[in-house]
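First the structure, in the form of structure tokens, and then the observations on it.
Here, each number is a calculation from the coordinates, and none is a lab measurement. Remember, it's a predicted structure, so these values are computed and weren't measured experimentally. Cβ placement follows ideal geometry from the backbone for every residue including glycine, while neighbour counts extend to all protein chains displayed.
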Amino acid sequence: MINIRPVSDLRNKFPEIEDVVVNSNAPVFLTKNGYGTMVLMSLEQYSALTDDTEKKLDEADALAASSTTRLSKSEVFNSVRRRINEQAKI
């Protein structure tokens, strides 16, 4: 179930929102004047979203430190585009 609440609930009903975020392990979407403004999530959810990215960045840093090979911006983006296009064909 998607939980959408006005941002004023963050101030007025914080314990309730905290309980939903922590115990349901689902994000709460906040709106201001009817438009989405932010998403609240537990530290566990955030870690699940970012840990792999952090790990990959650490691997890239280690590889860069151990190699003198450098790619240009266009080489990197062209490679990424090729991979995306290949995946789209599957």
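Summary table below
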item: Integer Hz, Karplus 6.51/-1.76/1.60 couplings in order for the stretch 55-62, x for Gly and Pro; result: 4, 5, 5, 4, 4, 5, 4, 5
item: Selection from Ser79, Val22, Val7, by position along the positive dipole direction of the chain (Cβ); result: Ser79
item: Lysine pairs with alpha-carbon atoms under 26 Å apart, the stretch 14-90, spacing 8 or more or separate chains; result: 4
item: Peptides 17-23, 83-89 ordered by average Cβ neighbours within 10 Å, highest first; result: 17-23, 83-89
item: Computed E for Glu75/Leu43 - FRET, C-beta separation, R0 41 angstrom, nearest 0.05; result: 0.65
item: Gain on full stretching of the segment that runs from Ala65 to Ala88 - 0.36 nm per residue minus C-alpha separation; result: 5.0 nm
item: Charge dipole (debye, nearest 20) of the stretch 42-90; +1 at Cβ of Lys and Arg, -1 at Cβ of Asp and Glu; result: 480 debye
item: Alpha-carbon spread of the chain, three principal axes, descending order, Å; result: 55, 30, 25
item: Calculated FRET value between Leu57 and Asn12, using beta carbons and R₀ = 41 Å, to 0.05; result: 0.60
item: Computed [θ] at 222 nm, helices only, for the chain once each DSSP H run of length n ≥ 4 contributes -39500 (n - 2.57); result: -20000 deg cm²/dmol
